[in-house]
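Enquirer: Submitted below is the structure of interest, expressed as C-alpha cells.
The values are calculated or read from the model by the stated rules, or taken from the named source; none is laboratory data. Here the structure is a predicted model, which means the values were calculated and not measured. Cβ coordinates were reconstructed from backbone atoms using ideal geometry, including for glycine residues, and neighbour counts include every protein chain displayed. Side chains included, ligands, DNA and RNA excluded: accessible areas come from the protein's heavy atoms. Shrake-Rupley method; radii C 1.70, N 1.55, O 1.52, S 1.80 Å.
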Amino acid sequence: MKKMILSAMALFLLVTGCGANANTSAVSLYDRGLKMAQVVDKMAEDDAYLALFSTNDELKQIAQEIGSQDYTTPKTVYAITGAGDMMLKMADLPKDETLQRVIEQKTSSAWTTQVNSLQGTVLLAATSILLYDESFVYEGLKVPTTYLYLYDGVYGVTVTYIPYEQNVVRAIASFIKADESLLDMLKQIPNVTVDVVEK
C-alpha cells in the first residue's frame, strides 16, 4: 500500500507539473531552496497571515522582525547532513527497520527547531508558524540534507530535503536564528558533514 501511494504521488507530480522534473538539472536544490525562502519571507511579512495563527503581540513583533530582513541573496549556503542523527542517538529506537526509517524522516528537520528553542519560547512559536513544505520528484538525493542559507542579518533559512521512495522528495523550509558559530558546533559532531554549496 505504501509503495502504491508513493507511486501515485510521483505520477501525480509528473502529470500535473507540480514540483521539479525528475531530471536533476531542471531545478537545483540550491535554487528551489531560494524560492522557498521567498515564500516563508512573504509569510513573515503578511499581517493577515500572522493574525490567522496568533494574536500574541510579542510573537507578531518577532515575526515582523524576521520579515524585515532581506532574503534575496544569501552570503553563503551550506549543505548539512547527519544533524538529525543527533536526536536519534539520544533515544531508544524501535527494532523495526520501517519504523526506524519513519523516525529518521521525522527528525531530519527537527534539529533546526531545537536550535530555535534555545533562543526562547516566543521565537520558537514564531518560527513554528512560518514553516512551509512542498513535495516534488528529484533524482539523486540519497540521505536527508539541510541547506542552510545565511544572510546579512541574524536570521537564516533552512530547507531540509527528505528523500522517499520513487524519487519523491519532501522539502521543509523554516527560519533559524543562527550564525557561523552554529556551523562550528556542527562540525565538531561525529558523522555530521558541513559543505559550502556553490550556485
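Enquirer: Of everything in the range 185-199, what is part of a helix (DSSP H, G or I) and within 25 Å of ASP31 (Cα to Cα)? Give them in sequence order.
Expert: Restricting attention to the range 185-199, the residues satisfying the condition of being part of a helix (DSSP H, G or I) are 185-187.
Result: LEU186, LYS187.
Enquirer: I would also like to ask the following. Scan the range 151-163 and give yes if some residue there is at pLDDT 95 or above, touching a Gly at 6+ places or on another chain (Cβ under 7 Å) and closer than 15 Å to VAL115 by Cα, otherwise no.
Expert: Yes, some residue in the range 151-163 is at pLDDT 95 or above, touching a Gly at 6+ places or on another chain (Cβ under 7 Å) and closer than 15 Å to VAL115 by Cα.
Enquirer: Among the candidates GLN100, GLN105, single out the residue that is at pLDDT below 85, open to solvent by 50 Å² or more (accessible area, probe 1.4 Å) and over 23 Å from ASN56 (Cα atoms).
Expert: Just a single option satisfies the conditions, and that option is GLN100.
Enquirer: With the condition kept exactly as written, say whether any residue in the range 7-24 is at negative phi, at pLDDT 60 or above and surrounded by 15 or more Cβ atoms within 10 Å (Cβ to Cβ).
Expert: no
Enquirer: Filter the range 115-142 down to the residues that are without any contact (Cβ under 8 Å) to a residue 60 or more places away in the chain and among the hydrophobic types (A, V, I, L, M, F, W, C), then identify the one that is most open to solvent (accessible area, probe 1.4 Å).
Expert: The extreme case among them is LEU118.
Enquirer: So, in the range 163-177, how many residues would count as being within 23 Å of SER28 (Cβ to Cβ) and either more than 14 Å from the chain's Cα centre (by Cα) or open to solvent by 20 Å² or more (accessible area, probe 1.4 Å) (or both)? Before the answer, list the steps.
Expert: Let us first name the residues in the range 163-177 that are within 23 Å of SER28 (Cβ to Cβ), namely 163-176.
Checking the rest, the ones that are also either more than 14 Å from the chain's Cα centre (by Cα) or open to solvent by 20 Å² or more (accessible area, probe 1.4 Å) (or both) come to 164-168, 170, 172.
Number of matching residues: 7.
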